[in-house]
Amino acid sequence: SSRLLNTLSTEIFKSLCYKHSVCKEGKEMDACREDAKRLSLEILRVLPEVRAMVKLDVEAAYAGDPAARSEEEIILAYPGVEAIIIHRIAHQIWIRDVPLIPRIMSEVIHGKTGIDIHPAAEIGRHFFIDHATGVVIGETTIIGDHVKIYQGVTLGALSVKKSEVN
């Protein structure tokens, strides 16, 4: 819908202005608006593919959880599925180099579900997080197809040695 396009474009425009710190009246502002609209259209065009992936994730949850009664229950009541839905959208925004928005999305769902998925993480099809609490999927993580993980799992952690401060 044009309302969705306008809203998304406006938010991406704000993020691009923040990133570039050049959006003042004139040519730079017009270029940021054009970029925001182009990126918004790209994101909206991939939503059917995202929806298809989410459908497979819901099927994975249904197949992988003997307590699941229906796909509707999974969509409405499983925090792992909610987190992966948000991740799949945030990832599409992230790979288009839009600042802030994908990180905000991941932090909002993290606060709601306790599941922390960095928007850069690559997650294959038919993915399920069972019980979900305390799951961290880091920026460098690449997860293949047909994967199920459980609560309390951290993927993609990197230990970094800090240099001494003089």
Picked from the range 31-79 (must be over 23 Å from SER106 (Cα atoms) and hydroxyl-bearing (Ser, Thr, Tyr)), the residue least open to solvent (accessible area, probe 1.4 Å) is SER70
Return only the number of the condition from (1) loosely packed, with under 14 Cβ neighbours inside 10 Å; (2) at pLDDT 95 or above; (3) in a helix (DSSP H, G or I) that ARG3 does not satisfy.
(2)
Kindly evaluate LEU155 against the criterion of being at positive phi, among the aliphatic types (A, V, I, L, M) and open to solvent by less than 80 Å² (accessible area, probe 1.4 Å).
no
ILE123 is checked against (1) under 11 Å from the mean Cα position of the chain (by Cα); (2) of a type in the set (Val, Ile, Thr); (3) more than 17 Å from THR154 (Cβ to Cβ) and fails just one. What number does that condition carry?
(3)
Scan of the range 80-103 for residues that are assigned to a helix (DSSP H, G or I), under 20 Å from ASP35 (Cα atoms) and open to solvent by 10 Å² or more (accessible area, probe 1.4 Å), ordered by number:
ILE89, HIS91, GLN92, TRP94, ILE101, ARG103
May I ask you to list the residues in the range 104-141 that are open to solvent by 40 Å² or more (accessible area, probe 1.4 Å) and of a type in the set (A, V, I, L, M, F, W, C)?
ILE104, MET105, VAL108, VAL136
If VAL22 satisfies all but one of (1) aliphatic (A, V, I, L, M); (2) at pLDDT 95 or above; (3) closer than 18 Å to LEU100 by Cα, what's the number of the condition it fails?
(2)
Please work out if ASP57 is part of a helix (DSSP H, G or I) and over 28 Å from ILE129 (Cβ atoms).
no
Here are ILE12, ILE43, ILE93: which of them is in contact with a Pro (Cβ under 8 Å, 6 or more places away or on another chain), in contact (Cβ under 8 Å) with a residue 40 or more places away in the chain and within 30 Å of ILE129 (Cα to Cα)?
ILE93
Conditions (1) part of a loop (DSSP other than H, G, I, E, B); (2) closer than 18 Å to ASP57 by Cα -> ILE109 fails only (1)
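The values are calculated or read from the model by the stated rules, or taken from the named source; none is laboratory data. Quick caveat: nothing in here was measured; it's all calculated off a predicted structure. Counting neighbours? That spans all protein chains shown, and the Cβs are built from the backbone with ideal geometry, glycine included. Side chains included, ligands, DNA and RNA excluded: accessible areas come from the protein's heavy atoms. Shrake-Rupley method; radii C 1.70, N 1.55, O 1.52, S 1.80 Å.
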